[in-house]
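Enquirer: Sharing a structure with you now.
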Ligand SMILES: NC(=O)c1ccc[n+]([C@@H]2O[C@H](COP(=O)([O-])OP(=O)(O)OC[C@H]3O[C@@H](n4cnc5c(N)ncnc54)[C@H](OP(=O)(O)O)[C@@H]3O)[C@@H](O)[C@H]2O)c1
Ligand SMILES: NC(=O)c1ccc[n+]([C@@H]2O[C@H](COP(=O)([O-])OP(=O)(O)OC[C@H]3O[C@@H](n4cnc5c(N)ncnc54)[C@H](OP(=O)(O)O)[C@@H]3O)[C@@H](O)[C@H]2O)c1
């Protein structure tokens, strides 16, 4: 029983303890994993994981997994500043960034050869996952995995909550996420700029758009900017969106002329 | 009992028997109203209401309510061609168009002085209302009502199904619907043009956008064009949407420059 518990319990170190990391840590602690965290800002006043202000001390703990949970825009700087020489043993590095080719490349470049790398993207956040993770999508690529046991125990954190586990290359992820998640965030930010709000005569469709707007507004602007700058497929989707708007507008203007001629 | 039934049952004539009229007629028939219909196309093969190919014969029936359910683009032409001289008695004219100032003006202009006018907009369609109308919004303006009894029996068709009844001027409706429904249809059509579809890694937000796209695609292009041409507040919303997209894009481009300078 004690043995069983110890093989299932992971020592998880989190680098970057912002809103999303705190949200993930809650479930990890609930599952009896031992969570420790470090971040640019000081979160030592927060309940939950033990917080390390000093990165070297944090690295010396001997984590099974180090989870990179920093913003997309800062990941390169953050990973390059990790004192890898303090690692006590080969460790699994797992990232949860919303773009995947970019952290994959950085981790492969920076993480010591004897440590493993898994790139993941939980396709949900503090809002859409607030009632549990059952049925929500979780994407991952086993980029460089030798310690299968630690890697599957890490993935099992999500699988055991009911996530739909999707194994996929980081490239394929970025291609699909540009069409789906990046477009969603863009529409949400457009609706924010338009300051749309509920009316007494909402349709069901409009209610959905208000929800998309509100969920997007909760995420940081850094996150959205990161989706654009570090997903090489995003620029094309922005162009597609602009052209689609032009075509829709063009067809309205054409039928307007038709109507005028008609009357 | 027989008397009770006869006071509650309405003779309803429908002009314009397209998808939305057929959807409404189903519930009216379920509620034991007597429904008759006429339309540009021949729907006499359909089960349900008795169908009249001849508009004069249709008008001679002696309906309590004549419901105008034709497209926004054709309503002017259709109402002007109604043989009002065939009416046997004062009748309530009710429209269900998705814009409201336009039909209101036409009905006030064309409907004989001794007949009543109520302008309504059920804020749902065959898709969003397929599991019943409970909790869905129903907007109306009593434009010219003397026969309170017939008008409330007509409105009760919707109220008794659980609709949220919202009394509002046609002007206020058009102002709000331009911000909500027109924007929703525009986003839906943009997403259609982009050919977005579900992916294996959908977020909840993206799933909502796919639903908005699919519901919009089910509605006719005439309906969307009508929302734009005959709601005087729609053009401004189209401009707002374009400017919002420009601002979102501008802020991405600015942070991209920042990042470039930074690295
Ligand atoms: N929110 C979601 O729904 C969601 C879902 C899936 C994946 N993700 C991914 O999870 C990661 C965290 O997301 P988030 O929602 O918490 O917000 P975020 O704004 O994307 O990232 C905030 C985190 O980045 C750190 N950070 C930002 N700039 C930094 C810098 N210059 N140097 C060092 N650290 C820096 C912050 O540290 P301090 O707090 O210490 O300042 C904080 O830990 C992102 O990569 C995001 O793409 C988020
Ligand atoms: N669909 C919805 O969810 C919804 C919701 C609320 C309100 N509405 C309103 O309900 C009305 C009907 O909508 P709909 O969805 O059925 O589709 P629609 O495309 O807006 O209208 C179709 C109806 O208009 C008639 N029509 C079109 N052009 C005509 C013309 N030149 N001359 C005579 N009749 C013509 C059609 O007659 P034939 O079929 O005989 O050709 C059909 O009855 C519209 O005003 C719409 O705004 C629709």
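Enquirer: What are the distances, in nm and sorted shortest first, from the label point of residue B:9 to the label points of the same position in each other copy, with each label point placed 7 Å from Cα along the Cα-to-Cβ direction?
Expert: Result, one decimal in nm: 7.5.
Enquirer: When a/c reaches 1.5 or more, the comparison of a/b and b/c decides; with that in mind, is the range B:11-168 rounded, prolate or oblate per its Cα gyration tensor?
Expert: rounded
Enquirer: Quick one: check the C-alpha center-to-center distance for the range B:214-245 versus the range B:135-196, whole angstrom.
Expert: Their Cα centres are 16 Å away from one another.
Enquirer: Turning to a different aspect of this structure: Set the Förster radius R0 to 22 Å, insert the Cβ-Cβ distance between residue B:259 and residue A:110 as r into 1/(1 + (r/R0)^6), and round the FRET efficiency to 0.05.
Expert: Here the calculated transfer efficiency is 0.70.
Enquirer: Hey, what angle do you get for helix A:148-159 against the long axis of chain A, alpha-carbon based, 0 to 90 degrees rounded to 10?
Expert: Approximately 40 degrees, to the nearest 10.
Enquirer: Can you say what percent of the DSSP beta bridges in chain B, counting only those with both residues inside, are antiparallel? Round to 5.
Expert: Rounded to the nearest five, the antiparallel share is 20 percent.
Enquirer: Counting only other chains, and only Cβ atoms inside 10 Å, what mean value do you get across the residues of A:176-184?
Expert: Partner-chain Cβ atoms within 10 Å, mean over residues of A:176-184: 6.
Enquirer: With all pairs of different alpha carbon atoms counted, what Kirkwood hydrodynamic radius in Å does the range B:76-200 show?
Expert: 16.3 Å
Enquirer: Grab the Cα-Cα distance for residue A:145 and residue A:218, subtract it from 0.36 nm times how many residues apart they are, and report the gain in nm with one decimal.
Expert: So the extension gain works out to 22.9 nm.
Enquirer: Another one. Can you list, shortest first and in nm, the gaps between the label point of residue B:108 and those of its counterparts in the other copies, using a point 7 Å from Cα in the C-beta direction?
Expert: Its label point is 6.9 nm from the equivalent points in the other copies.
Enquirer: Here is a follow-up. What average count of beta carbons from other chains do you get within 10 Å of the Cβ of residues in A:131-142? Display every interim value, and only then the final one.
Expert: Details: counts 0, 0, 0, 0, 1, 3, 6, 1, 2, 0, 0, 0.
Across A:131-142, the average partner-chain Cβ count within 10 Å equals 1.
Enquirer: Report, in cubic angstrom per residue, the convex hull volume of the C-alpha atoms of the range B:149-203.
Expert: On the way: hull volume 8.2 nm³, N = 55.
Residue-normalised Cα hull volume stands at 150 Å³.
Enquirer: Shifting gears a bit: Taking the 0 to 90 degree range and rounding to the nearest ten, how far is the long axis of helix B:204-218 tilted relative to the main principal axis of chain B, both from C-alpha atoms?
Expert: 40 degrees
Enquirer: Still on this model: Sorting check: for A:215-222, A:228-235, which peptide has the highest mean count of neighbouring beta carbons within 10 Å, and how do the rest follow?
Expert: In decreasing order of mean packing, A:215-222, A:228-235 become A:228-235, A:215-222.
Enquirer: Using r as the Cβ-Cβ distance of residue A:44 and residue B:198, and R0 as 60 Å, what FRET efficiency do you calculate, to the nearest 0.05?
Expert: 0.90
Enquirer: Right, another one. Please give the average number of partner chain Cβ atoms lying within 10 Å of the Cβ of each residue in A:191-199, rounded to a whole number. Walk me through the numbers on the way to the answer.
Expert: Numbers: counts 5, 3, 9, 9, 3, 8, 2, 1, 12.
Per residue, the number of nearby Cβ atoms from other chains is 6 on average.
Enquirer: Between A and B, which A residue has the Cβ nearest their rotation axis, distance in Å?
Expert: For the rotation taking chain A to chain B, the closest Cβ gives A:208, 2.
Enquirer: Considering only the protein assembly as shown, what is the antiparallel percent among its DSSP beta bridges, to the nearest 5? Walk me through the numbers before you get to the answer.
Expert: Details: 12 of 60 bridges.
Given both bridge residues lie in the protein assembly as shown, the antiparallel proportion sits at roughly 20 percent.
Enquirer: Further question: With a Förster radius of 25 Å, plug the Cβ-Cβ distance of residue B:156 and residue B:34 into 1/(1 + (r/R0)^6) and report the FRET value to the nearest 0.05.
Expert: Numbers: r = 16 Å, r/R0 = 0.63.
The computed FRET efficiency comes out at 0.95.
Enquirer: Any chance you could list P(r) for the range A:214-263, counting all Cα-Cα pairs in 10 angstrom bins from zero, rounded to whole %?
Expert: For the range A:214-263, the pair-distance distribution reads 22, 27, 25, 16, 10, 0.
Enquirer: Between copies, how far apart are the residue A:32 label points? List them in nm, one decimal, shortest first, with each point 7 Å from Cα toward Cβ, please?
Expert: Here the equivalent label points are 6.4 nm apart from this one.
Enquirer: Further, regarding this structure: For the protein assembly as shown, how big is Rg over Rh, using alpha carbon atoms and the Kirkwood form of Rh?
Expert: Ratio of gyration radius to Kirkwood radius for the protein assembly as shown: 1.12.
Enquirer: Return the calculated 222 nm mean residue ellipticity for chain B, to the nearest 500 deg cm²/dmol, obtained by summing -39500 (n - 2.57) across DSSP H runs with n ≥ 4 and dividing by the residue count.
Expert: -14500 deg cm²/dmol
Enquirer: Let me ask something additional. Convex hull over the Cα atoms of the range B:172-254, averaged projected area in nm²?
Expert: 6.6 nm²
Enquirer: Can I ask one more? Round to the nearest 10 and give me the degree value, 0 to 90, for the angle of helix B:19-30's Cα axis relative to the longest principal axis of chain B.
Expert: 50 degrees
Computed from the coordinates by the stated procedures, all read-outs in this text should not be read as laboratory data. Note that the structure is predicted; figures quoted are calculated from it, not measured. FYI the Cβ positions are ideal-geometry reconstructions off the backbone, even for glycines, and counts take in every protein chain you see.
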